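In what follows, a single structure is set out as structure tokens and then discussed.
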Amino acid sequence: MRLICLPYAGGSAMIYARWRRQLPSSIDVVPLELPGRGVRMDEPLHTDPAALADQLAVELAREPLAMPYVLFGHSLGGLIAYEVAQRLCALGAPRPKMLLVSGTEAPAMRDGSRWLDPLSDDALRDELLRLKGTPPQALENAEIMRGALPVLRADFLMCGNYVYRTRPPLRCPIHVFGGDQDETRLEALDAWRAETSLAFGLDMLPGDHFFIHTRQAELLRRIAALLAPVTRSQVAAVGAEL
């Protein structure tokens, strides 16, 4: 089973590096790097989420997707993961076995009007403080902020530029994770059920928006439990073919 992970706003593939060591070896963690960061630093940043999802779906479809795969994304990454899943299906590529999203409202419930205009450096720092996901020493480090703020600015513009389009529900289960102290409303998390024609699940974990880090061990236990039946069914199918 391949677990393709998309980062949150301002993040890079590195946020999932530890997952490879903490999930069972049957799950191949594939952190997906976005243009403009990490090993793709030389590529332009995206501010249009539709264009980004198109690009990522085409890139994934070029590679063999014969191995069963699951998409995961936190916050903005969850929204992009959903759009990538829709575009992969439209391209005729193998659909994901499951979509896992955390810390983000259902696409139909999003209101990105506050992100329509580029934020100043001070406003971006205020957002980082509000979300509680950045250590104070990083916020005070001019060199770190010099590299991080352009990425954050582009990612927040993606939040503001997102436009929901009604399409057929995905033909894969969707499972949602939320933090019980996050500002994301429970009904907005539950509304993800409208985006699948199959099973839906919702788990609430203790913590604020970045429970993905503060409750990482618990989150990974739940992800492993969700994927275990899918992995077993794939092993059984291969055995039957042999």
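Across segment 164-189, what is the total count of residues that are at pLDDT below 95 and among the β-branched types (Val, Ile, Thr)?
Counting residues in segment 164-189 that are at pLDDT below 95 and among the β-branched types (Val, Ile, Thr) gives 2.
Go through segment 104-116 and give me each residue that's part of a loop (DSSP other than H, G, I, E, B), over 16 Å from residue 209 (Cα atoms) and in contact with an Asp or Glu (Cβ under 9 Å, 6 or more places away or on another chain).
Correct list: 111 only.
Of the residues 87, 21, only one is basic (Lys, Arg) and over 20 Å from residue 162 (Cβ atoms); which?
Within the list 87, 21, the selection yields 21.
For segment 33-54, indicate whether the set of residues that are in a strand (DSSP E or B) and in contact with a strand residue (DSSP E or B) (Cβ under 8 Å, 6 or more places away or on another chain) is non-empty.
Looking through segment 33-54, none of the residues is in a strand (DSSP E or B) and in contact with a strand residue (DSSP E or B) (Cβ under 8 Å, 6 or more places away or on another chain).
Conditions: (1) within 15 Å of the chain's Cα centre (by Cα); (2) closer than 23 Å to residue 193 by Cα. Residue 12 meets all but one. Number of the miss?
(2)
So, residue 72, is that one aromatic (Phe, Trp, Tyr), in contact with a helix residue (DSSP H, G or I) (Cβ under 8 Å, 6 or more places away or on another chain), within 16 Å of residue 32 (Cβ to Cβ) and outside any helix (DSSP H, G or I) or not?
So residue 72 passes the test.
Condition test on residue 81, is it surrounded by 13 or more Cβ atoms within 10 Å (Cβ to Cβ), closer than 24 Å to residue 187 by Cα and touching a residue at least 24 places away in the same chain (Cβ under 8 Å)?
yes
Per-residue answers, yes or no, for (1) farther than 15 Å from residue 78 by Cα; (2) crowded, with 17+ Cβ neighbours inside 10 Å; (3) out of contact with any His (no Cβ under 7 Å at 6 or more places or on another chain); (4) not hydrophobic (A, V, I, L, M, F, W, C):
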{"position": "153", "(1), (2), (3), (4)": "yes, yes, yes, yes"}
{"position": "158", "(1), (2), (3), (4)": "no, yes, no, no"}
{"position": "171", "(1), (2), (3), (4)": "yes, no, yes, yes"}
{"position": "174", "(1), (2), (3), (4)": "no, yes, yes, no"}
{"position": "179", "(1), (2), (3), (4)": "no, yes, no, yes"}
{"position": "198", "(1), (2), (3), (4)": "yes, no, yes, no"}
{"position": "215", "(1), (2), (3), (4)": "yes, yes, yes, yes"}
{"position": "218", "(1), (2), (3), (4)": "yes, no, yes, yes"}
{"position": "223", "(1), (2), (3), (4)": "no, yes, yes, no"}
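Of the numbered conditions (1) under 18 Å from the mean Cα position of the chain (by Cα); (2) surrounded by fewer than 18 Cβ atoms within 10 Å (Cβ to Cβ), residue 120 fails exactly one; give the number of that condition.
Of (1) under 18 Å from the mean Cα position of the chain (by Cα); (2) surrounded by fewer than 18 Cβ atoms within 10 Å (Cβ to Cβ), only one is false for residue 120: (1).
Does residue 4 satisfy being β-branched (Val, Ile, Thr) and either surrounded by fewer than 21 Cβ atoms within 10 Å (Cβ to Cβ) or without any contact (Cβ under 8 Å) to a residue 24 or more places away in the chain (or both)?
no
When you check residue 70 against the structure, is it modelled with pLDDT of 95 or more, of a type outside the set (D, E, K, R) and over 28 Å from residue 128 (Cβ atoms), yes or no?
Judged against the criteria, residue 70 is a match.
Having 3 or more residues that are out of contact with any strand residue (DSSP E or B) (no Cβ under 8 Å at 6 or more places or on another chain) and within 22 Å of residue 84 (Cβ to Cβ) is the bar; report the helices (runs of 4 or more DSSP H) wholly within segment 117-226 that clear it.
Where helices (runs of 4 or more DSSP H) fall fully within segment 117-226 and carry at least 3 residues being out of contact with any strand residue (DSSP E or B) (no Cβ under 8 Å at 6 or more places or on another chain) and within 22 Å of residue 84 (Cβ to Cβ), they are 142-161.
The values are calculated or read from the model by the stated rules, or taken from the named source; none is laboratory data. What you see is a predicted model, and the numbers here were worked out from it, not measured in a lab. Quick reminder, even Gly has a Cβ in these numbers, built from the backbone with ideal geometry, and neighbours come from all protein chains shown.
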